[in-house]
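**Student:** First, the structure itself, so that you have it in front of you.
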Amino acid sequence: MRVRPRLPSRSAGWARLVPRPRSGPFSARWWRSPLRGLRLTSPLGLVLLPGIVLLLGTGLLSYAAYNPDLSPANDMTPDKGWLGFYLFSWPTDPDWLYRLTQGVHVTLGITLIPVLLAKLWSVIPKLFALPPARSLSHAMERVSLLLLVGGGLFVFGTGVLNVQLAYVFPGSFYTLHFYGAWVFTAAFVVHVALRLPRAVRAVRARRTVRAGSAGAEESERERAEEADARLRPPHPVEPTLSRRGALGMVGGGSLLLLATTVGQNFDGLRRTALFAPHGGSDPGAGPNGFQINKTAAHVGVTPERTGPEWRLALHGRGRELRLSRAMLLELPQHSVALPIACVEGWSTSDQWWRGVRLLDLAALVGHRRQPPDLFVVSVQPSGSFRAAALRDNQVRDPRSLLALYVNGEPLSLDHGYPARIIVPAAPGVLNTKWVGRMTFGALS
């Protein structure tokens, strides 16, 4: 008997057209924590909003403090174009300005890390949600979220590596951090514009629920619940921690990082700054016993380069002078109390510096009335900022010195012997150590 072959049924054919259930992170069953929801993301977002705004503001100020439009020696991002639209001449008053702005930038950035990671964890299922875009506004939101997550991890990651002096970047930290920060800023602005109203409604609805039915706005609560439902997992597991407990852990982590970082800005608390690279090291005792970023040995400055044969080459208006340390000591000496603050976030208290004013050195080569910009070159054989430029307002400040002494004793080799620059409110790398040549003249 001939058997007729069995034809596939319509239902079987239709089944081939229906996509199989997704697995992995693209499946809703993959994300099962009951903590996820608008009630978790909203408080985190409202903490991050002012924190990141302040972080971005102090970061832009940090970049401006280098006066990058003055000279290529100061500019680590020569192709920035219109991204440098806001740059201005960095002032010298108050003398603790850079110490404050950069200290806040680094300390706040480290303190916000637990909040940022918790925020990213709370919304990470949205990165894998399908379809990729349901509308133009939804596509913008998805792209901004992707750039926000990637940019945030990149900017915070490079910042932490720089603070730890771990220069493992595939290029200059300044360049990577600068452009990464602008990508993050653009994504942050778009994301805030799209999400801030929802976050505010969620927090407001929660308060109205606690206040009772009197005066509660039902429609507002319903909209917040709908938004919360989009973040909640459809198949949650049993909770092991409350949302309040999770927020407490995040806050506790931030406070711990704050306590182990902020001390790098204060001499009496420096040993508590366990997270900072300069917190546990001992710079020694005596007048030269304060923080050093890079030692002379680290950058290849040997005693032979700074010994008795050392001379300062002074240039300006076609004149050239070569001055020994003994000759510099014969010039009028001035004393000032100024701190040192570095891009890594650490700073010292005021140290007493003594030496020759920059405006007096400018007068020696013909610039008596209006001292111009100054280009300084170190005897350091190589490395970033072995040369740096100072703007004319920095040169004219009577507190700006070519320092020969600190706290009553000659500079140590690690602190820049035989002579170093010290300028109020300038980043530490512009206070050039082991000065070999100074050229006065307009640079910009």
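The values are calculated or read from the model by the stated rules, or taken from the named source; none is laboratory data. Please read these numbers as outputs of a predicted model, since none were measured by experiment. Glycine also receives a Cβ, built like all others from the backbone with ideal geometry; neighbour counts cover every protein chain displayed. Keep in mind that these areas ignore ligands, DNA and RNA; they rest on the heavy atoms of the full protein, side chains included. Shrake-Rupley method; radii C 1.70, N 1.55, O 1.52, S 1.80 Å.
**Student:** What is the residue count in the range 70-108 for residues that are among the aliphatic types (A, V, I, L, M) and over 18 Å from Val429 (Cβ atoms)?
**Tutor:** 3
**Student:** Quick one: in the range 280-339, which of the residues that are hydroxyl-bearing (Ser, Thr, Tyr) and under 32 Å from the mean Cα position of the chain (by Cα) is nearest to Val377 (Cα to Cα)?
**Tutor:** Per the stated criteria, the residue is Thr295.
**Student:** Restricting the range 31-44 to residues that are open to solvent by less than 20 Å² (accessible area, probe 1.4 Å) and not charged (D, E, K, R), which is farthest from His235 (Cα to Cα)?
**Tutor:** Here the residue is Leu44.
**Student:** Here is a further query. Among what's in the range 370-387 and is part of a loop (DSSP other than H, G, I, E, B) and among the polar types (S, T, N, Q), pick the residue that is surrounded by the fewest Cβ atoms within 10 Å (Cβ to Cβ).
**Tutor:** Ser382
**Student:** Now for a separate question. Does Ala425 fit the bill of being part of a loop (DSSP other than H, G, I, E, B), touching a Ser or Thr at 6+ places or on another chain (Cβ under 7 Å) and either at pLDDT below 95 or open to solvent by less than 10 Å² (accessible area, probe 1.4 Å) (or both)?
**Tutor:** Spelling it out, Ala425 is indeed part of a loop (DSSP other than H, G, I, E, B), touching a Ser or Thr at 6+ places or on another chain (Cβ under 7 Å) and either at pLDDT below 95 or open to solvent by less than 10 Å² (accessible area, probe 1.4 Å) (or both).
**Student:** What are the residues in the range 155-194 that are touching a Gly at 6+ places or on another chain (Cβ under 7 Å), within 27 Å of Lys126 (Cα to Cα) and either open to solvent by less than 40 Å² (accessible area, probe 1.4 Å) or in contact (Cβ under 8 Å) with a residue 60 or more places away in the chain (or both), if any?
**Tutor:** Val155, Phe156, Thr158, Gly159, His177, Gly180, Ala181, Phe184, Ala187 - these are the residues of the range 155-194 that are touching a Gly at 6+ places or on another chain (Cβ under 7 Å), within 27 Å of Lys126 (Cα to Cα) and either open to solvent by less than 40 Å² (accessible area, probe 1.4 Å) or in contact (Cβ under 8 Å) with a residue 60 or more places away in the chain (or both).
**Student:** May I pose another question? Please indicate, with yes or no, whether at least one residue in the range 96-109 is modelled with pLDDT of 90 or more, more than 17 Å from the chain's Cα centre (by Cα) and part of a loop (DSSP other than H, G, I, E, B).
**Tutor:** Yes: the range 96-109 contains one or more residues that are modelled with pLDDT of 90 or more, more than 17 Å from the chain's Cα centre (by Cα) and part of a loop (DSSP other than H, G, I, E, B).
**Student:** Please verify whether Ala363 is small (Gly, Ala, Ser), over 19 Å from Asp93 (Cβ atoms), at pLDDT 95 or above and part of a strand (DSSP E or B), treating the condition exactly as stated.
**Tutor:** no
**Student:** Residues that are among the basic types (Lys, Arg) and modelled with pLDDT under 65: list the helices (runs of 4 or more DSSP H) wholly contained in the range 170-263 that include at least 2 such residues.
**Tutor:** Per the criteria, 173-211, 218-231.
**Student:** Starting from residues that are in a loop (DSSP other than H, G, I, E, B) and open to solvent by 80 Å² or more (accessible area, probe 1.4 Å), keep the ones in the range 295-323 and report whichever is farthest from Ser347 (Cα to Cα).
**Tutor:** This residue is Gly318.
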